[in-house]
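Worksheet for the structure shown next.
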Amino acid sequence: MWKLHRYYLRELAINSAITFLVLFAVVLVSLVARGIQRSQGGGALDAALITLFWALDSFPHLLTVAFLIATVLTFARAAQDRELIAIRAAGVPPRAPMAAALLFGIGLAISGSVAMHYVLPEIHFRKYRVIADVVRSAFMNLNLGSDRIKILDTGYVMTFRRREGADYLDCTIYCPPNRIVASMKSPILKVERVSIPLEEGSDSIAIVLHGIHDPIGGLMNQEMPLRIPMQDLAERGRRDERDDDLRSDQLLAEVLRGVHPQPVAAIYTLFRRCNFAIMPVLMAPIGFCIAEFAQARGRVLALVLALVPLGMFYLGEVLGARLLIATDSPWCAWMPVLLLSLVGGPLLWRQLRR
């Protein structure tokens with residue numbers, strides 16, 4: 001019997017790996033634009049790392065979808081080649097080949113559980129912090145990627161013709177009327193060079209103006225340093241830590257100690273992670289039965305039928321979130337398991353007793 005299990009385990013492993021890699025590549029390519037957009041203030045390596053982290057965040061979904069597709073393809077091929085009929089004719093129950101899918105699903109569930117409870121929360125936390133918070137906040141809030149820089153809420157707006165590193169050359173600065181000092185005759189200043197060095201660890205950001213010219217009053221000053229508190233930059237658009245950023249043991253510890261602000265939502269997050277972790281075990285018998293049911297109709301129909309349990313799974317995700325708001329019960333996170341049981345139970349009973 002082990003030879004039969006090993007035969008299907010090898011095919012399941014190959015099909016699962018290929019399907020997962022293809023789906024992961026599609027997700028990775030689709031997130032390139034987001035990675036570039038969020039890497040403002042960093043370099044190409046930061047953009048690549050952010051894109052990779054965002055793609056890895058979809059691991060629970062890809063694991064479920066890839067394993068279901070691989071199971072359906074493997075046993076649909078076996079059904080079309082009459083292997084499953086030969087196994088039944090030899091007196092071997094259909095549970096024997098299905099056991100290979102269950103064994104592989106259990107292995108994926110164990111590895112996926114470790115990833116979802118410990119690894120993915122860390123990735124979810126890191127993907128927003130690839131670039132140092134201070135540097136990113138300064139870059140985004142000062143709009144340093146544009147040729148029009150607005151200095152927070154002071155009303156000062158600067159434009160420039162070209163840039164060399166952290167220096168901006170041939171600049172024009174607009175000063176609001178209520179901030180014009182006595183020595184200034186015009187609200188518009190011409191500045192030869194503006195330096196904005198981003199120094200991590202400093203409590204303020206320095207803006208140095210070199211060669212200031214007032215079009216009306218003439219040359220004002222050769223150099224004028226300005227400083228903006230770094231806290232004003234860092235607190236803008238700051239992302240607080242969320243439940244998705246915490247490992248399951250940390251989340252559970254906060255709930256048991258009574259320090260979590262929303263314990264029901266935290267338990268819902270824990271149950272949801274467990275839900276995703278056990279999905280391969282549930283999808284294994286469903287995928288086997290779908291493949292055997294469509295043996296005379298081809299693999300395409302089997303793949304189309306595989307959309308039914310996937311649709312029920314994601315319908316359960318949506319309903320669970322809605323019921324959590326309505327009932328304030330974390331047990332709503334198990335709604336996908338309930339719906340899959342309602343769909344897969346009768347199919348499993350029919351195919352295994354046929």
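Structure above, values below:
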quantity: Tally, over the range 20-31, of residues that are surrounded by fewer than 16 Cβ atoms within 10 Å (Cβ to Cβ) and either modelled with pLDDT under 85 or in contact with a Ser or Thr (Cβ under 8 Å, 6 or more places away or on another chain) (or both); calculated: 0
quantity: Residues of the range 282-316 that turn out to be among the charged types (D, E, K, R) and touching a residue at least 40 places away in the same chain (Cβ under 8 Å), as a count; calculated: 2
quantity: Pair list, Cβ under 6 Å, 6 or more apart: the range 19-40 residue more than 27 Å from Thr74 (Cβ to Cβ), other residue open to solvent by less than 90 Å² (accessible area, probe 1.4 Å) and hydroxyl-bearing (Ser, Thr, Tyr); calculated: Leu31/Thr51; Val32/Thr51; Gly35/Thr51
quantity: Filtered residue count, the range 272-325, keeping only those that are assigned to a helix (DSSP H, G or I), surrounded by fewer than 23 Cβ atoms within 10 Å (Cβ to Cβ) and among the small types (Gly, Ala, Ser); calculated: 4
quantity: When residues of the range 246-257 are limited to those that are in contact with an Asp or Glu (Cβ under 8 Å, 6 or more places away or on another chain) and either farther than 19 Å from Leu56 by Cβ or open to solvent by less than 30 Å² (accessible area, probe 1.4 Å) (or both), the one modelled with the lowest pLDDT; calculated: Leu246
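Conditions tested, residue by residue: (1) open to solvent by 20 Å² or more (accessible area, probe 1.4 Å); (2) over 27 Å from Ala294 (Cα atoms); (3) out of contact with any Ser or Thr (no Cβ under 9 Å at 6 or more places or on another chain); (4) at pLDDT below 85.
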site	(1), (2), (3), (4)
Leu4	yes, no, yes, yes
Leu12	no, no, no, no
Ile18	yes, no, yes, no
Phe53	yes, yes, yes, no
Val65	yes, no, no, no
Thr71	no, no, no, no
Ile85	yes, no, yes, yes
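The values are calculated or read from the model by the stated rules, or taken from the named source; none is laboratory data. Being a predicted model, the structure only gives us computed values, none of them experimental. For neighbour counting, all protein chains shown are included, and Cβ atoms are generated from backbone atoms with ideal geometry for every residue, glycine included. Side chains included, ligands, DNA and RNA excluded: accessible areas come from the protein's heavy atoms. Shrake-Rupley method; radii C 1.70, N 1.55, O 1.52, S 1.80 Å.
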